[in-house]
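**Q** Mind looking over this structure? Questions follow.
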Amino acid sequence: MTEADRRFMRLAIALGQRGLGRVWPNPAVGCVLVREGRILGRGWTQPGGRPHAEVMALRNCDARGATAYVSLEPCAHHGQTPPCADALIKAGVARVVTALTDPDPRVAGRGHAMLRGAGIEVVERVETEAAARANAGFLLRVTQGRPFVTLKLALTLDGRIATASGQSRWITGPEARRMVHALRARHDAVLVGAGTARADDPDLQVRGLGVTHQPVRVVAARGLGVDAGGRLGASAREIPVWLLHGPDAPEDARARWRDRGAGLIGADFGADGLHVAGMLRALADRGITRVFCEGGGTLAAQLLRAGMVDAVMVFSAGKFIGSEGLAGIGDLALRELADAASFELVETRAVGSDILHHWRSRRAL
Ligand code: AOF
Ligand code: ZN
(Lines give C-alpha, C1' and ligand atoms only; values in the text may rest on other atoms or scores of the structure.)
(Ligands and ions follow the chains in the order given, each with its own letter.)
Protein backbone atom coordinates (compact mmCIF):
# COMPACT_ATOMS: atom_id res chain seq x y z
CA MET A 1 0.00 0.00 0.00
CA THR A 2 1.40 3.37 -1.04
CA GLU A 3 0.57 6.98 -0.21
CA ALA A 4 -0.94 7.23 -3.71
CA ASP A 5 -3.22 4.29 -2.84
CA ARG A 6 -4.47 6.14 0.20
CA ARG A 7 -4.98 9.35 -1.76
CA PHE A 8 -7.00 7.70 -4.54
CA MET A 9 -9.04 5.82 -1.93
CA ARG A 10 -9.89 9.08 -0.18
CA LEU A 11 -11.09 10.37 -3.56
CA ALA A 12 -13.22 7.24 -4.04
CA ILE A 13 -14.75 7.73 -0.58
CA ALA A 14 -15.49 11.39 -1.30
CA LEU A 15 -17.15 10.53 -4.62
CA GLY A 16 -19.23 7.86 -2.92
CA GLN A 17 -20.56 10.39 -0.46
CA ARG A 18 -22.30 12.20 -3.30
CA GLY A 19 -24.88 9.44 -3.08
CA LEU A 20 -25.68 9.89 0.62
CA GLY A 21 -29.39 10.29 1.19
CA ARG A 22 -30.48 8.88 -2.15
CA VAL A 23 -29.03 5.40 -2.54
CA TRP A 24 -30.72 3.61 0.35
CA PRO A 25 -31.00 0.72 1.09
CA ASN A 26 -27.63 0.48 -0.65
CA PRO A 27 -24.29 1.89 0.48
CA ALA A 28 -22.93 5.07 -1.11
CA VAL A 29 -19.84 3.66 -2.83
CA GLY A 30 -17.21 5.47 -4.90
CA CYS A 31 -14.78 4.06 -7.48
CA VAL A 32 -11.73 5.54 -9.22
CA LEU A 33 -9.80 3.84 -12.03
CA VAL A 34 -6.13 4.79 -12.30
CA ARG A 35 -3.30 3.81 -14.65
CA GLU A 36 0.21 5.21 -14.34
CA GLY A 37 -1.01 7.90 -11.99
CA ARG A 38 -3.74 9.11 -14.36
CA ILE A 39 -7.43 8.92 -13.54
CA LEU A 40 -9.28 7.08 -16.32
CA GLY A 41 -12.73 6.86 -14.80
CA ARG A 42 -14.74 7.84 -11.73
CA GLY A 43 -18.09 6.61 -10.55
CA TRP A 44 -20.41 6.47 -7.59
CA THR A 45 -23.57 4.60 -6.65
CA GLN A 46 -26.51 6.13 -8.50
CA PRO A 47 -29.83 7.35 -7.05
CA GLY A 48 -31.97 4.43 -5.95
CA GLY A 49 -28.78 2.40 -5.34
CA ARG A 50 -28.04 1.31 -8.92
CA PRO A 51 -26.01 1.20 -11.11
CA HIS A 52 -23.20 0.52 -8.69
CA ALA A 53 -20.08 2.68 -8.51
CA GLU A 54 -17.76 0.32 -10.40
CA VAL A 55 -20.09 0.06 -13.39
CA MET A 56 -20.32 3.85 -13.58
CA ALA A 57 -16.52 4.25 -13.44
CA LEU A 58 -15.99 1.60 -16.14
CA ARG A 59 -18.37 3.31 -18.55
CA ASN A 60 -16.63 4.86 -21.55
CA CYS A 61 -13.13 3.91 -20.55
CA ASP A 62 -10.55 1.26 -21.33
CA ALA A 63 -9.42 0.07 -17.91
CA ARG A 64 -7.04 -2.70 -19.02
CA GLY A 65 -4.09 -2.90 -16.63
CA ALA A 66 -5.54 -0.21 -14.36
CA THR A 67 -5.95 -0.13 -10.58
CA ALA A 68 -9.53 0.16 -9.35
CA TYR A 69 -10.02 1.95 -6.02
CA VAL A 70 -13.38 1.03 -4.51
CA SER A 71 -14.59 2.28 -1.13
CA LEU A 72 -16.39 -1.06 -0.51
CA GLU A 73 -15.68 -4.62 -1.59
CA PRO A 74 -17.10 -5.08 -5.11
CA CYS A 75 -20.29 -7.11 -5.05
CA ALA A 76 -20.32 -10.78 -5.98
CA HIS A 77 -24.05 -11.42 -6.29
CA HIS A 78 -26.47 -11.43 -9.18
CA GLY A 79 -29.10 -8.94 -8.03
CA GLN A 80 -30.90 -6.71 -10.48
CA THR A 81 -27.46 -6.18 -12.02
CA PRO A 82 -24.53 -8.59 -12.56
CA PRO A 83 -21.71 -8.62 -9.99
CA CYS A 84 -19.27 -5.69 -10.04
CA ALA A 85 -16.40 -8.12 -9.37
CA ASP A 86 -17.22 -9.70 -12.76
CA ALA A 87 -17.35 -6.30 -14.43
CA LEU A 88 -13.87 -5.46 -13.12
CA ILE A 89 -12.51 -8.85 -14.24
CA LYS A 90 -14.00 -8.45 -17.72
CA ALA A 91 -12.58 -4.95 -18.00
CA GLY A 92 -9.11 -6.38 -17.45
CA VAL A 93 -8.06 -4.36 -14.40
CA ALA A 94 -4.76 -5.53 -12.93
CA ARG A 95 -5.24 -4.49 -9.32
CA VAL A 96 -8.17 -3.71 -7.01
CA VAL A 97 -7.79 -1.68 -3.80
CA THR A 98 -10.69 -1.68 -1.33
CA ALA A 99 -11.42 -0.06 2.03
CA LEU A 100 -13.97 -2.41 3.58
CA THR A 101 -15.35 -5.91 3.35
CA ASP A 102 -19.04 -5.74 2.41
CA PRO A 103 -21.02 -7.15 5.38
CA ASP A 104 -23.99 -7.95 3.12
CA PRO A 105 -24.22 -11.77 3.44
CA ARG A 106 -24.51 -12.04 -0.36
CA VAL A 107 -21.01 -10.56 -0.67
CA ALA A 108 -19.03 -10.91 2.61
CA GLY A 109 -15.62 -11.66 1.14
CA ARG A 110 -16.81 -13.36 -2.04
CA GLY A 111 -16.12 -10.24 -4.13
CA HIS A 112 -12.48 -10.19 -3.03
CA ALA A 113 -12.21 -13.95 -3.61
CA MET A 114 -13.65 -13.72 -7.14
CA LEU A 115 -11.12 -11.04 -8.06
CA ARG A 116 -8.21 -13.02 -6.63
CA GLY A 117 -9.48 -16.16 -8.37
CA ALA A 118 -9.18 -14.29 -11.66
CA GLY A 119 -5.52 -13.47 -10.96
CA ILE A 120 -6.11 -9.85 -9.93
CA GLU A 121 -3.98 -8.39 -7.13
CA VAL A 122 -6.28 -7.29 -4.31
CA VAL A 123 -5.24 -4.90 -1.53
CA GLU A 124 -7.77 -4.59 1.31
CA ARG A 125 -8.34 -2.22 4.23
CA VAL A 126 -6.98 1.02 2.76
CA GLU A 127 -8.50 4.05 4.58
CA THR A 128 -10.86 1.67 6.35
CA GLU A 129 -11.82 4.06 9.11
CA ALA A 130 -12.79 6.90 6.76
CA ALA A 131 -14.79 4.52 4.58
CA ALA A 132 -16.58 3.03 7.60
CA ARG A 133 -17.55 6.50 8.79
CA ALA A 134 -18.78 7.46 5.34
CA ASN A 135 -20.96 4.36 5.09
CA ALA A 136 -21.80 3.99 8.78
CA GLY A 137 -25.51 3.99 7.94
CA PHE A 138 -25.27 1.01 5.61
CA LEU A 139 -22.92 -0.86 7.97
CA LEU A 140 -25.25 -0.31 10.95
CA ARG A 141 -28.30 -1.37 8.96
CA VAL A 142 -26.69 -4.63 7.86
CA THR A 143 -24.80 -5.52 11.04
CA GLN A 144 -27.09 -4.13 13.77
CA GLY A 145 -30.45 -3.70 12.08
CA ARG A 146 -30.69 0.02 12.76
CA PRO A 147 -29.87 3.19 10.81
CA PHE A 148 -27.24 5.81 11.60
CA VAL A 149 -28.88 8.59 13.64
CA THR A 150 -27.94 12.25 13.41
CA LEU A 151 -29.54 14.45 16.03
CA LYS A 152 -29.99 18.07 14.98
CA LEU A 153 -30.60 20.80 17.54
CA ALA A 154 -31.20 24.52 17.02
CA LEU A 155 -30.61 26.01 20.46
CA THR A 156 -30.28 29.26 22.29
CA LEU A 157 -27.10 29.77 24.32
CA ASP A 158 -29.00 28.38 27.29
CA GLY A 159 -30.02 25.21 25.47
CA ARG A 160 -33.67 26.12 24.77
CA ILE A 161 -35.65 25.37 21.62
CA ALA A 162 -38.72 27.55 22.25
CA THR A 163 -40.14 30.13 24.62
CA ALA A 164 -42.47 29.01 27.40
CA SER A 165 -45.41 29.92 25.12
CA GLY A 166 -44.01 27.70 22.38
CA GLN A 167 -42.52 30.26 19.98
CA SER A 168 -39.62 28.74 18.09
CA ARG A 169 -39.57 30.54 14.74
CA TRP A 170 -36.76 31.36 14.45
CA ILE A 171 -34.02 30.64 16.93
CA THR A 172 -31.27 30.36 14.32
CA GLY A 173 -30.73 32.54 11.25
CA PRO A 174 -31.39 31.87 7.56
CA GLU A 175 -27.90 30.49 6.84
CA ALA A 176 -28.21 27.85 9.56
CA ARG A 177 -31.70 26.94 8.37
CA ARG A 178 -30.39 26.57 4.85
CA MET A 179 -27.69 24.23 6.07
CA VAL A 180 -30.34 22.15 7.83
CA HIS A 181 -32.00 21.65 4.45
CA ALA A 182 -28.68 20.51 2.96
CA LEU A 183 -28.26 18.08 5.87
CA ARG A 184 -31.76 16.71 5.36
CA ALA A 185 -30.86 15.96 1.74
CA ARG A 186 -27.91 13.81 2.86
CA HIS A 187 -30.13 11.57 4.98
CA ASP A 188 -32.62 8.94 3.88
CA ALA A 189 -35.26 10.02 6.37
CA VAL A 190 -36.13 13.00 8.56
CA LEU A 191 -37.67 12.05 11.90
CA VAL A 192 -39.68 14.04 14.45
CA GLY A 193 -41.76 13.11 17.45
CA ALA A 194 -45.51 13.61 17.66
CA GLY A 195 -45.18 16.64 19.98
CA THR A 196 -43.05 18.52 17.46
CA ALA A 197 -45.34 17.53 14.60
CA ARG A 198 -48.29 18.93 16.58
CA ALA A 199 -46.58 22.10 17.79
CA ASP A 200 -44.78 23.12 14.59
CA ASP A 201 -46.84 21.54 11.82
CA PRO A 202 -43.54 21.12 9.93
CA ASP A 203 -43.35 19.94 6.36
CA LEU A 204 -39.79 18.55 6.67
CA GLN A 205 -38.94 18.93 3.00
CA VAL A 206 -35.69 20.02 1.45
CA ARG A 207 -36.35 23.42 0.02
CA GLY A 208 -34.40 26.08 -1.82
CA LEU A 209 -31.39 24.02 -2.86
CA GLY A 210 -32.50 22.80 -6.26
CA VAL A 211 -32.32 19.17 -5.08
CA THR A 212 -34.48 16.71 -6.92
CA HIS A 213 -34.90 14.11 -4.22
CA GLN A 214 -36.53 14.33 -0.83
CA PRO A 215 -35.96 12.25 2.29
CA VAL A 216 -38.82 10.18 3.66
CA ARG A 217 -40.62 12.11 6.41
CA VAL A 218 -41.18 10.04 9.53
CA VAL A 219 -43.23 10.89 12.59
CA ALA A 220 -42.96 8.80 15.74
CA ALA A 221 -46.51 8.97 17.05
CA ARG A 222 -47.41 6.08 19.28
CA GLY A 223 -51.10 6.93 19.47
CA LEU A 224 -51.24 8.72 16.07
CA GLY A 225 -52.22 11.93 17.82
CA VAL A 226 -51.09 14.12 14.94
CA ASP A 227 -53.55 15.92 12.68
CA ALA A 228 -53.63 14.35 9.21
CA GLY A 229 -54.96 17.67 7.92
CA GLY A 230 -51.61 19.44 8.46
CA ARG A 231 -48.75 20.10 6.07
CA LEU A 232 -47.31 16.58 6.24
CA GLY A 233 -50.64 15.06 5.32
CA ALA A 234 -51.16 17.60 2.55
CA SER A 235 -48.04 16.48 0.65
CA ALA A 236 -47.97 12.79 1.60
CA ARG A 237 -48.89 11.63 -1.88
CA GLU A 238 -45.97 13.45 -3.51
CA ILE A 239 -43.30 12.86 -0.87
CA PRO A 240 -43.52 9.86 1.44
CA VAL A 241 -44.72 10.30 5.02
CA TRP A 242 -44.41 7.34 7.35
CA LEU A 243 -46.06 7.20 10.74
CA LEU A 244 -44.55 4.96 13.37
CA HIS A 245 -47.35 4.00 15.72
CA GLY A 246 -48.10 1.58 18.52
CA PRO A 247 -50.74 -1.15 18.60
CA ASP A 248 -53.15 1.13 20.48
CA ALA A 249 -53.36 3.76 17.69
CA PRO A 250 -57.09 4.33 17.03
CA GLU A 251 -58.55 3.00 13.80
CA ASP A 252 -60.08 6.34 12.74
CA ALA A 253 -56.69 8.09 12.97
CA ARG A 254 -55.13 5.29 10.95
CA ALA A 255 -57.83 5.68 8.31
CA ARG A 256 -57.31 9.46 8.09
CA TRP A 257 -53.58 9.09 7.47
CA ARG A 258 -54.10 6.22 5.06
CA ASP A 259 -56.54 8.35 3.07
CA ARG A 260 -53.87 11.02 2.78
CA GLY A 261 -51.47 8.48 1.29
CA ALA A 262 -49.19 8.11 4.31
CA GLY A 263 -47.49 4.84 5.21
CA LEU A 264 -48.41 3.33 8.57
CA ILE A 265 -45.75 1.33 10.34
CA GLY A 266 -46.68 -0.58 13.44
CA ALA A 267 -43.60 -0.45 15.65
CA ASP A 268 -42.72 -2.05 18.95
CA PHE A 269 -43.04 0.88 21.35
CA GLY A 270 -42.56 -1.28 24.44
CA ALA A 271 -44.40 -1.02 27.71
CA ASP A 272 -42.81 2.29 28.72
CA GLY A 273 -43.89 4.31 25.69
CA LEU A 274 -41.39 5.26 23.10
CA HIS A 275 -39.16 2.28 22.49
CA VAL A 276 -36.65 3.76 20.07
CA ALA A 277 -34.84 0.50 19.35
CA GLY A 278 -38.05 -1.00 17.94
CA MET A 279 -38.76 2.16 16.00
CA LEU A 280 -35.32 2.32 14.41
CA ARG A 281 -35.47 -1.40 13.62
CA ALA A 282 -38.73 -0.83 11.75
CA LEU A 283 -37.02 1.88 9.66
CA ALA A 284 -33.94 -0.28 8.96
CA ASP A 285 -36.23 -3.15 7.94
CA ARG A 286 -37.58 -0.83 5.26
CA GLY A 287 -34.10 -0.02 4.01
CA ILE A 288 -33.42 3.29 5.78
CA THR A 289 -29.71 3.72 6.53
CA ARG A 290 -29.50 7.35 7.70
CA VAL A 291 -31.96 9.22 9.90
CA PHE A 292 -31.92 12.94 10.63
CA CYS A 293 -33.80 13.58 13.87
CA GLU A 294 -35.10 17.11 14.31
CA GLY A 295 -36.66 16.72 17.73
CA GLY A 296 -38.42 17.26 19.88
CA GLY A 297 -36.81 17.05 23.26
CA THR A 298 -38.63 13.89 24.32
CA LEU A 299 -37.65 11.88 21.27
CA ALA A 300 -34.09 13.24 21.39
CA ALA A 301 -33.80 12.22 25.04
CA GLN A 302 -35.09 8.73 24.28
CA LEU A 303 -32.54 8.29 21.51
CA LEU A 304 -29.75 9.50 23.79
CA ARG A 305 -30.84 7.22 26.61
CA ALA A 306 -30.83 4.28 24.24
CA GLY A 307 -27.28 5.16 23.12
CA MET A 308 -28.52 5.41 19.55
CA VAL A 309 -27.36 8.90 18.60
CA ASP A 310 -24.33 8.60 16.32
CA ALA A 311 -23.82 12.26 15.41
CA VAL A 312 -25.04 15.54 16.85
CA MET A 313 -25.30 18.75 14.84
CA VAL A 314 -25.93 21.66 17.20
CA PHE A 315 -26.69 25.09 15.81
CA SER A 316 -26.30 27.67 18.60
CA ALA A 317 -27.82 31.12 18.31
CA GLY A 318 -26.61 34.12 20.34
CA LYS A 319 -29.82 34.36 22.35
CA PHE A 320 -31.06 33.58 25.85
CA ILE A 321 -34.61 32.45 26.63
CA GLY A 322 -34.24 31.46 30.27
CA SER A 323 -35.09 28.34 32.19
CA GLU A 324 -38.81 28.87 31.61
CA GLY A 325 -38.19 28.14 27.93
CA LEU A 326 -38.53 24.66 26.44
CA ALA A 327 -35.39 22.55 26.86
CA GLY A 328 -33.88 20.99 23.74
CA ILE A 329 -33.38 17.65 25.48
CA GLY A 330 -35.98 16.04 27.75
CA ASP A 331 -35.36 14.02 30.88
CA LEU A 332 -32.32 11.76 30.69
CA ALA A 333 -32.79 10.20 34.17
CA LEU A 334 -29.10 10.61 34.82
CA ARG A 335 -27.68 9.68 38.22
CA GLU A 336 -23.96 10.13 37.73
CA LEU A 337 -22.11 12.65 35.62
CA ALA A 338 -19.93 9.78 34.48
CA ASP A 339 -23.01 8.25 32.83
CA ALA A 340 -23.72 11.33 30.69
CA ALA A 341 -24.12 10.66 26.98
CA SER A 342 -20.84 11.97 25.71
CA PHE A 343 -19.56 12.88 22.28
CA GLU A 344 -16.31 13.92 20.65
CA LEU A 345 -15.94 17.10 18.64
CA VAL A 346 -15.58 16.74 14.88
CA GLU A 347 -15.88 20.34 13.73
CA THR A 348 -16.86 23.83 14.81
CA ARG A 349 -17.82 26.49 12.33
CA ALA A 350 -19.64 29.78 12.06
CA VAL A 351 -22.79 29.60 9.95
CA GLY A 352 -24.12 33.10 9.36
CA SER A 353 -24.53 34.55 12.83
CA ASP A 354 -24.84 31.11 14.48
CA ILE A 355 -22.32 28.41 15.39
CA LEU A 356 -22.43 24.80 14.26
CA HIS A 357 -20.89 22.16 16.48
CA HIS A 358 -20.62 18.74 14.88
CA TRP A 359 -20.10 15.93 17.41
CA ARG A 360 -19.89 12.20 16.97
CA SER A 361 -20.41 9.23 19.23
CA ARG A 362 -17.29 7.94 20.96
CA ARG A 363 -18.27 4.41 19.99
CA ALA A 364 -16.05 3.19 17.20
CA LEU A 365 -18.28 2.44 14.26
C1 AOF B 1 -20.85 -2.43 -5.12
N2 AOF B 1 -20.87 -1.16 -5.57
O3 AOF B 1 -21.78 0.87 -5.69
C4 AOF B 1 -22.79 -0.69 -4.25
C5 AOF B 1 -22.73 -2.01 -3.75
O6 AOF B 1 -29.68 -4.76 -4.76
P7 AOF B 1 -28.39 -4.69 -5.48
O8 AOF B 1 -28.21 -5.78 -6.51
O9 AOF B 1 -28.10 -3.32 -6.04
O10 AOF B 1 -27.24 -4.98 -4.40
C11 AOF B 1 -27.16 -4.24 -3.25
C12 AOF B 1 -25.94 -4.67 -2.49
O13 AOF B 1 -24.78 -4.41 -3.28
C14 AOF B 1 -25.74 -3.89 -1.21
O15 AOF B 1 -26.38 -4.51 -0.12
C16 AOF B 1 -24.25 -3.96 -1.06
O17 AOF B 1 -23.87 -5.21 -0.56
C18 AOF B 1 -23.77 -3.84 -2.49
N19 AOF B 1 -23.65 -2.44 -2.86
N20 AOF B 1 -21.74 -2.83 -4.17
O21 AOF B 1 -20.02 -3.24 -5.55
C22 AOF B 1 -21.81 -0.28 -5.21
N23 AOF B 1 -23.77 0.19 -3.89
ZN1 ZN C 1 -21.87 -4.03 -7.39
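The values are calculated or read from the model by the stated rules, or taken from the named source; none is laboratory data. All values reported here derive from a predicted model rather than from experimental measurement. All Cβ positions, glycine included, derive from the backbone under ideal geometry; neighbour counts span all protein chains shown.
**Q** Of all residues being more than 8 Å from ligand 1 (Cβ to nearest atom) and basic (Lys, Arg) in the stretch 20-78, which is surrounded by the most Cβ atoms within 10 Å (Cβ to Cβ)? Just the residue, please.
**A** Arg22
**Q** Right, next: Of everything in the stretch 48-67, what is in contact with a helix residue (DSSP H, G or I) (Cβ under 6 Å, 6 or more places away or on another chain) and either in contact (Cβ under 8 Å) with a residue 60 or more places away in the chain or near ligand 2 (Cβ under 10 Å from one of its atoms) (or both)? Give them in sequence order.
**A** His52, Glu54, Val55
**Q** Within the stretch 296-320, can you find the residues that are assigned to a loop (DSSP other than H, G, I, E, B) and either farther than 13 Å from Ala154 by Cβ or touching a strand residue (DSSP E or B) at 6+ places or on another chain (Cβ under 6 Å) (or both)?
**A** Correct list: Gly296, Ala306, Gly307, Met308, Val309, Asp310, Ala317, Phe320.
**Q** State all residues of the stretch 181-198 that are out of contact with any Leu (no Cβ under 9 Å at 6 or more places or on another chain) and over 18 Å from Ala311 (Cβ atoms); if no residue qualifies, say none.
**A** Arg198
**Q** Looking at Ala284, is it hydrophobic (A, V, I, L, M, F, W, C) and outside any loop (DSSP other than H, G, I, E, B)?
**A** yes
**Q** Quick check on this structure: which one of Val206, Val211, Val276 is over 22 Å from Leu153 (Cβ atoms), surrounded by 15 or more Cβ atoms within 10 Å (Cβ to Cβ) and in the same structural domain as Leu151 (by TED's automatic domain parsing)?
**A** Checking each option against the conditions leaves just Val211.
**Q** Quick check on my filter: what residues within the stretch 5-26 are over 14 Å from Arg186 (Cβ atoms) and within 13 Å of the chain's Cα centre (by Cα)?
**A** Pro25, Asn26
**Q** When both residues are 6+ apart or on different chains and their Cβ atoms are under 9 Å apart, which pairs have a first residue that lies in the stretch 30-47 and is in the same structural domain as Val97 (by TED's automatic domain parsing), and a second that is surrounded by fewer than 18 Cβ atoms within 10 Å (Cβ to Cβ) and part of a strand (DSSP E or B)?
**A** Val32/Ile39; Leu33/Ile39
**Q** Would you mind listing the helices (runs of 4 or more DSSP H) fully within the stretch 60-154 where at least 2 residues are within 18 Å of Leu15 (Cα to Cα)?
**A** 128-134, 136-144
**Q** Could you tell me how many of the residues in the stretch 321-365 are more than 21 Å from Thr298 (Cα to Cα) and part of a loop (DSSP other than H, G, I, E, B)?
**A** Residues in the stretch 321-365 being more than 21 Å from Thr298 (Cα to Cα) and part of a loop (DSSP other than H, G, I, E, B): 6 in total.
**Q** If a residue counts only when it is within 28 Å of Arg258 (Cβ to Cβ), in contact (Cβ under 8 Å) with a residue 24 or more places away in the chain and within 25 Å of the chain's Cα centre (by Cα), which strands (runs of 3 or more DSSP E) contained entirely in the stretch 158-231 have at least 2 such residues?
**A** Those strands (runs of 3 or more DSSP E) span 189-193, 216-220.
**Q** Keeping to the stretch 103-150, report how many residues are charged (D, E, K, R), under 30 Å from Val276 (Cβ atoms) and touching a residue at least 60 places away in the same chain (Cβ under 8 Å).
**A** 3
**Q** Would you check if Val70 is more than 16 Å from ligand 2 (Cβ to nearest atom) and of a type in the set (A, V, I, L, M)?
**A** no
**Q** Do we have any residue at all in the stretch 104-126 that's more than 16 Å from ligand 2 (Cβ to nearest atom) and touching a helix residue (DSSP H, G or I) at 6+ places or on another chain (Cβ under 6 Å)?
**A** Yes: one or more hits.
**Q** Please verify whether Leu155 is among the aliphatic types (A, V, I, L, M), buried (at least 19 other Cβ atoms within 10 Å of the Cβ), over 20 Å from the mean Cα position of the chain (by Cα) and modelled with pLDDT of 95 or more, treating the condition exactly as stated.
**A** In short, yes.
**Q** Here is a check on your reading of the model: is Ala255 of a type outside the set (Asp, Glu), over 22 Å from Leu153 (Cβ atoms) and not in a loop (DSSP other than H, G, I, E, B)?
**A** So Ala255 passes the test.
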